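Q: First, the structure itself, so that you have it in front of you.
Every read-out reported here was derived from the displayed coordinates using simple, explicitly stated rules and does not represent laboratory data. Every value quoted in this text rests on a predicted model; they were computed, and no experiment measured them. Quick reminder, even Gly has a Cβ in these numbers, built from the backbone with ideal geometry, and neighbours come from all protein chains shown.
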Amino acid sequence: MPKTTLLVVDVGNTNVSLGIFDYTEDQGKLSHHWRLSTHREQTSDELAIALHSLFDHDGRECGEVTDIILSSVVPPMVPIWERVSTKLFSINALVIGPGIRTGMPVRYENPHEVGADRIVNSVAAYELFGGPIIVVDFGTATTFDCISRKGEYMGGVIAPGIHISMEALFERTAKLHRVEIVRPRTVIGKTTTSALQSGLLFGYAGMVDSMVERILPELGEDARTIATGGMARGIAQESKAIEEVIPFLTLEGLRILFEKNR
């Protein structure tokens with residue numbers, strides 16, 4: 001079997017997550033991963049330079065890549081990444097969208113409304129853990145994706161992300177400021193900083209627990225809850241509902257979808 005080196009790309013509203021899976025026989029293993037800021041005004045040439053630098057820094061060659069799979073919730077970025085794929089790697093990227101085999105029926109009223117990253121996460125969660133399962137993704141938005149026992153995407157919940165909430169407070173209040181989101185010593189804040197940290201960290205953990213409690217009667221009381229995304233580990237430590245944190249769930253989901261479609 002020819003050697004396969006897969007580049008997976010997940011373009012989010014705030015960040016781009018990338019990973020390289022090196023295949024031994026038929027098993028792909030995540031060997032490198034990076035994160036870039038999402039810049040909608042970035043050209044394909046600028047992006048290619050940034051990618052080339054990442055590869056060089058970790059001792060990888062762009063010529064090693066044999067396949068690319070791309071997921072994006074920012075439609076204008078798709079043609080830019082497609083140009084990068086052809087210019088830098090001489091590869092036509094597989095783009096997550098209509099026509100891609102997922103093996104997961106989508107029970108949304110309009111399946112095209114579901115973000116590509118949510119389907120990717122759901123496929124990965126069901127492949128890894130089975131169903132029913134709830135995936136909480138702490139990204140630009142905080143999303144809850146619900147997968148049935150039979151592996152159907154049932155829908156979910158969308159709430160403002162924790163960083164969006166902090167930015168809204170900072171922009172709309174004269175005396176509040178940005179803070180590092182870490183666990184304060186007490187729930188009752190003794191300073192403005194600790195009061196903000198308490199509201200953001202404990203508030204979002206409480207929101208997760210409350211939403212999961214409301215979802216379970218509809219999805220199944222035995223549903224597991226896993227989390228991914230930038231703030232997942234910190235909030236999971238304060239949440240009763242989250243059972244496990246999977247940091248690279250989306251990258252693993254892209255690998256799984258590549259294997260289903262190659």
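Q: Tell me which residues, restricted to segment 76-113, are free of Cβ contacts under 8 Å to residues at least 40 places away in the same chain, under 20 Å from Val136 (Cβ atoms) and touching a strand residue (DSSP E or B) at 6+ places or on another chain (Cβ under 6 Å).
A: none
Q: What is the number of the single condition among (1) closer than 27 Å to Ala141 by Cβ; (2) free of Cβ contacts under 8 Å to residues at least 60 places away in the same chain; (3) surrounded by 13 or more Cβ atoms within 10 Å (Cβ to Cβ) that Arg60 does not meet?
A: (1)
Q: Pick out the one residue from Ile158, Ile188 that is in a strand (DSSP E or B) and either free of Cβ contacts under 8 Å to residues at least 24 places away in the same chain or over 19 Å from Ala232 (Cα atoms) (or both).
A: Matching residue, one of Ile158, Ile188: Ile158.
Q: Quick one: what pairs do we get from segment 163-174, first residue within 20 Å of Met231 (Cβ to Cβ), second outside any loop (DSSP other than H, G, I, E, B), C-beta under 7 Å, 6+ apart or different chains?
A: So the pair list comes out as Ser165/Leu200; Met166/Leu200.
Q: Let me ask something else about it. Consider segment 215-241. How many of its residues are under 21 Å from Asn121 (Cα atoms) and part of a helix (DSSP H, G or I)?
A: 9
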